Every structure is written in structure tokens, then in C-alpha cells.
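Presented below is the structure to which this report refers.
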Amino acid sequence: MPIQTAEIKSLRKEFIGLATQAGSNIRLLCRRFGISSRTAYKWIKRYREQGEAGLVNKSRRPNYSPLRTSAAMEQKVLQKRDETGWGGRKIAQVLHNEGYEDAPHANTITDILRRHGKLSEEEQRKHRPWKRFEREAPNALWQMDFKGHFATLQGRCHPFTVLDDHSRYCLGLKACANETMHTTQTHLTQIFRHYGLPAALLCDNGGPWGCGHPRIELTHLTVWLIRLGIQILHGWPAHPQTQGKDERFHRTLNVEVIQHATFANLADCQHRFDDFRERYNLIRPHEALALDTPSQHYYPSPIPFPEVLPPVEYDTGQILRKVQYGGLIYFKNREFPVGKALRGQTVRLAPTSIDGTFDVFFASIKVHEIHLSPNKP
């Protein structure tokens, strides 16, 4: 399905970043990006011959940068610092990626930044190594959340973010007017059409994807996701480190885009978000990826988004009940609540080892448990 220009600013660069990965499926990418295979291979050929300059119609950027004096290179380092706020390792890697053969070593760049008062010892002490856990492949788990909203000159912006757990690739960064189910589903649909479906999604316990703990009650959004075959995982309350990668992404977004800026409206926010997303995915080296970029570790999911929602199917002979108004089911001449978001859906009842107790499943997900004995809760 074609992608609107306003949604993804640099379509060609992102396509090349994904298409040149080992094992990439060019035809699948063509369908996701809404381009012909002829156009795709033309972009790939130009990129291989000319690099990034081959992706635009006319480029004023020279293929090779002239040798610079040490003073000029030092000024370049300071400029990178002012533009990005990055430290010595990231700046060194970016200069190397940009073709500066005389780029200083990372330690030298750190010394330059410190000498010019660009680094504080207090800030450096904050960056301590953490033990990292990640899924074994792209699309095994995505993390999603709303970053804390902030004011623009015409209302408030609620940034919606989706991050791949394995590669840290930012799949979605949307400037939203609210955090409703409709808004979230609309943006997730766009992301699913473009990148395919993940095996699982990790989110917190708040709306629009859950309410209550430890037993999370389904919402209309999570019911939709379960019908798509996606496993829904929830973090522990008051433990944002469960979604540590997305929380870290939020901190980077805040430092590099939000905290010192004034935004006119949501369109202005989205424009700057798109610039940041491109830089984050394709240019910015990531410490957790050995200074590779997220695009070097990500490829789209082979599971396509179904335009027609598939029905939930159960085996014959099972105990099935249709959820009625108010989220109730009727069983053994009694009514039991199983979740208002399941109204109109069919659930399965499975007897447990405890007499008179049944687990209630929607698809393969246990959503409730009911007790026929009157002294049970």
C-alpha cells in the first residue's frame, strides 16, 4: 500500500536500508512501500554506484570530502555535538560513516568536547553499563507506549512510539492529539501495513491497552490485536524498566527534539519527529548495537496485515459461550462477567483441576476464571 510522503519523509533511504540487509525480500518490500520492482532495483543500483547521492534527482553534495586541517576537523566535531548532543563514540562513528578518513579517535573527540566545556562530569557518571536483554530476531517483540504529552501553541501533543526490541528500530513515531483506542489503532494499522505483524507486543497497564493488575482486563484494542494473532504482554506496575528500550528511546527523543523546542501544532511536531526518526534509524550509532544503526539490524516481518479481520476459531466439542451485553456470559443457569470489551465475541470455557472452576479463554489467551461454587469469588 502506498505510503504518504508526510508519514515517511525519506522513503528511498529507508527502503535502501531495509533492502540491502542480508536475506531481505525485495518483492515483499516493494509491496509494502507501494513501488514496482523496476523502481526498486533502480534505486538499489544507484545507491551501490553513487551512495546516498544516487537517491536524489540532483545532488549538490560532493562524493568526496577534501582533507581538512585539524582546526577544521575540531570545528566539525563541535558542530556535530551542537547538532546532536552525542558523545565521543557516536560522533567518531558518524564521521567515519560519512567518509571522513581523518576523523579523530573517539577518545580524542571526547577530549575536544571536554576542553570546550561540552561535557560535564556529572552527566558522564549517569551513563553506566546495564545488562541488556533482547529478543533473538526482529519482530519477535515490539514495545509500544505513549510518551508524556507536552504543549504546543495549538493544543497538546501525545507522542506514540513503537520500537522493535531486537534492533531498536523505530517503527512508529506519531504526534497524536489524544491517547484513545481509535487513534492508537489507526496508527498501528499504518505500521502493520508497512512492516507486517510482530509475534508479540509489550505495553504498560494503562489505557488504551489494558486496565487493572494483576489480572489485566482486555480493552477493545487488545481484543483487536489478539484477533490479529499478536501476543499481548504487560509490564509490571511502577516498573518502567520492563519497557526499558522504549523508555530509553523516549529520553533520547526528549533530549534531541522536545525539551528545548517550541512547536506550533501537531503537524510541526510530526515534521520534526520524522526528521528525528530518520536520523535515529539510519544515521545515529547505537551503543547497544556496537555503534551500528538500528536499520542495520532490522528487516520487516513476513506476516502480512490482513485487511479483513480473521474470525476466532475453536475446536469442535469445546464449551463455547457468546459474550453478551455488559461483558457477561451465561453458564449453568448463572451469569459471569468476563470483560466488557469482549461483547459479541465467543469465548471458550475449560475445566480446571479444581472442581467447579473453569478458565475462560479468548482465542488462546486466558482472560478470566469462573467459579460455580457460591463461596468462591
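Would you mind stating whether Arg12 is in a helix (DSSP H, G or I) and at pLDDT below 80?
On the way: in a helix (DSSP H, G or I): yes; at pLDDT below 80: yes.
It is true that Arg12 is in a helix (DSSP H, G or I) and at pLDDT below 80.
Kindly provide the set of residues from segment 289-298 that are out of contact with any Phe, Trp or Tyr (no Cβ under 9 Å at 6 or more places or on another chain) and in contact (Cβ under 8 Å) with a residue 24 or more places away in the chain, ordered by number. Walk me through it before giving the result.
Of the residues in segment 289-298, the ones out of contact with any Phe, Trp or Tyr (no Cβ under 9 Å at 6 or more places or on another chain) are 289-292, 296.
Those that are out of contact with any Phe, Trp or Tyr (no Cβ under 9 Å at 6 or more places or on another chain) and in contact (Cβ under 8 Å) with a residue 24 or more places away in the chain: Leu289, Leu291, Gln296.
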For this session: Considering every residue within segment 137-151, establish whether at least one is surrounded by 12 or more Cβ atoms within 10 Å (Cβ to Cβ), modelled with pLDDT under 80 and of a type outside the set (A, V, I, L, M, F, W, C).
Result: no
Seminar exercise, completed: For segment 90-108, pairs from a residue that is loosely packed, with under 15 Cβ neighbours inside 10 Å to a residue that is of a type in the set (Phe, Trp, Tyr), with Cβ under 9 Å and 6 or more apart or across chains, are Gly99/Tyr64
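Just to verify a result, which residue in segment 259-271, among those that are of a type outside the set (Ser, Thr, Tyr) and surrounded by fewer than 18 Cβ atoms within 10 Å (Cβ to Cβ), is nearest to Glu98 (Cα to Cα)?
Filtering segment 259-271 for residues that are of a type outside the set (Ser, Thr, Tyr) and surrounded by fewer than 18 Cβ atoms within 10 Å (Cβ to Cβ), the one nearest to Glu98 (Cα to Cα) comes out as His271.
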For this session: Could you tell me whether any residue of segment 315-331 is farther than 30 Å from Phe358 by Cβ and surrounded by fewer than 20 Cβ atoms within 10 Å (Cβ to Cβ)?
Result: no
Seminar exercise, completed: Residue pairs qualifying under the 8 Å Cβ cut-off, at least six apart or on distinct chains, with the first in segment 162-174 being more than 13 Å from Leu188 (Cα to Cα) and basic (Lys, Arg) and the second being modelled with pLDDT under 95 and part of a loop (DSSP other than H, G, I, E, B), are Arg168/His286; Arg168/His297
Problem set entry | Filter pass, Glu256 being within 23 Å of the chain's Cα centre (by Cα) and either buried (at least 16 other Cβ atoms within 10 Å of the Cβ) or at pLDDT 90 or above (or both) | yes
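Out of everything in segment 288-315 that is under 34 Å from the mean Cα position of the chain (by Cα) and among the charged types (D, E, K, R), what residue ends up being farthest from Phe361 (Cα to Cα)?
Step one: of segment 288-315, the residues under 34 Å from the mean Cα position of the chain (by Cα) are 288-314.
From what's left, among the charged types (D, E, K, R): 292, 307, 313.
On the way: Asp292: 42, Glu307: 25, Glu313: 12 Å.
Of everything passing the filter in segment 288-315, Asp292 is farthest from Phe361 (Cα to Cα).
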For this session: Within segment 268-307, count every residue that is in a helix (DSSP H, G or I), out of contact with any strand residue (DSSP E or B) (no Cβ under 8 Å at 6 or more places or on another chain) and of a type outside the set (Asp, Glu).
Result: 8
Exercise. Which of the residues belonging to segment 106-136 are modelled with pLDDT of 65 or more, assigned to a loop (DSSP other than H, G, I, E, B) and assigned by TED's automatic domain parsing to the domain that holds Gly85?
Worked result: His116, Gly117, Lys118, Leu119
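Here is a yes/no grid of residues against (1) of a type outside the set (Lys, Arg); (2) under 34 Å from the mean Cα position of the chain (by Cα):
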{"position": "Gly317", "(1), (2)": "yes, no"}
{"position": "Lys332", "(1), (2)": "no, no"}
{"position": "Glu335", "(1), (2)": "yes, no"}
{"position": "Gly339", "(1), (2)": "yes, yes"}
{"position": "Thr346", "(1), (2)": "yes, yes"}
{"position": "Ala350", "(1), (2)": "yes, no"}
{"position": "Val367", "(1), (2)": "yes, yes"}
{"position": "Ser373", "(1), (2)": "yes, no"}
For this session: Could you tell me whether Arg32 is closer than 23 Å to Thr252 by Cβ, modelled with pLDDT of 75 or more and crowded, with 17+ Cβ neighbours inside 10 Å?
Result: no
Problem set entry | Failed item, numbered, when Ala341 is tested on (1) surrounded by 14 or more Cβ atoms within 10 Å (Cβ to Cβ); (2) part of a strand (DSSP E or B) | (2)
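The values are calculated or read from the model by the stated rules, or taken from the named source; none is laboratory data. Predicted model only: the values in this text are computed from it and were never measured. Cβ atoms come from the backbone with ideal geometry, glycine included; neighbour counts cover every protein chain shown.
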